Amino acid sequence: GGAAEPPPKLVLDLERLAHVPAEKAGPLQRYAATIQSQRGDYNGKVLSIRQDDLRTLAVIYDQSPSVLTEQLISWGVLGADARRAVQTDDN
Ligand code: C2E
Ligand code: C2E
Ligand code: C2E
């Protein structure tokens, strides 16, 4: 896409996330639960997160944002369009 396109929304699939083994998904599960708690948003099947949160999660997972995004797509936690959130950045 062109540079003027807005980034895609990062929408976590919380049902998928709950089914990823905690040994892999634990940090993300805790991060998402914290955001839900801060917002008082407990009943959603999905959770929209900030672009900045993906960068923070990449630090937590000690991976580049693009590698982490591929991992989350492979788990079904993010949609494939989330790739565009990191493609335009220099990671
Ligand atoms: P905050 O960052 O000071 O945001 C205060 C309020 O501004 C939020 O209350 C929300 O009503 C609104 N707000 C801020 N940024 C956005 C945005 O990008 N989209 C929308 N729709 N509203 C926005 P809320 O939701 O009760 O959140 C309270 C606090 O919880 C936030 O204070 C922030 O510290 C934290 N928080 C909530 N959601 C997230 C998140 O997705 N990522 C991060 N890093 N922190 C979050
Ligand atoms: P959308 O962003 O495409 O979201 C579609 C539906 O996904 C939402 O329907 C809601 O059921 C779910 N959803 C998305 N993100 C979250 C989340 O972080 N938590 C929870 N619990 N559910 C989420 P809903 O609520 O009827 O909203 C319909 C549309 O209204 C949204 O479409 C969006 O275009 C707009 N909207 C709702 N809340 C906000 C907001 O905080 N900021 C902005 N900019 N638009 C919003
Ligand atoms: P959204 O509400 O449609 O917001 C889209 C973008 O507008 C945000 O992308 C952010 O760049 C900007 N924006 C919206 N409201 C605010 C605000 O109060 N303060 C600032 N500084 N910027 C704002 P971003 O950050 O990537 O967030 C993506 C989506 O994640 C938001 O879409 C919203 O659905 C959700 N979100 C992020 N932070 C919060 C929050 O604090 N509370 C809630 N309820 N939702 C949030």
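Throughout, read-outs are computed from the coordinates displayed, never taken from laboratory work. Computed from a predicted model, the values in this text were never measured in an experiment. Note that each Cβ is placed from the backbone with ideal geometry, even for glycine, and that neighbours are counted across all protein chains shown.
What is the packing order of peptides 32-38, 62-68, 42-48, taking the mean over residues of other C-beta atoms within 10 Å and listing the highest first?
Per-residue Cβ counts within 10 Å, averaged per peptide and sorted highest first, yield 62-68, 32-38, 42-48.
Less than 10 Å Cβ to Cβ from THR69, Lys/Arg counted +1 and Asp/Glu -1: what total charge do the surrounding residues give?
Within the 10 Å Cβ shell, the charges total +1.
Using a simple charge model, +1 on the beta-carbon of Lys and Arg, -1 on the beta-carbon of Asp and Glu, nothing else, what dipole does the chain show about its Cα centre, in debye to the nearest 20?
It comes to approximately 220 debye.
When only C-alpha pairs under 8 Å and at least 6 residues apart count, what is the relative contact order of the chain, in percent?
Relative contact order for the chain comes out at 41 percent.
Based on C-alpha coordinates, I'd like the Rg and Dmax of the chain, in Å.
12.7, 38
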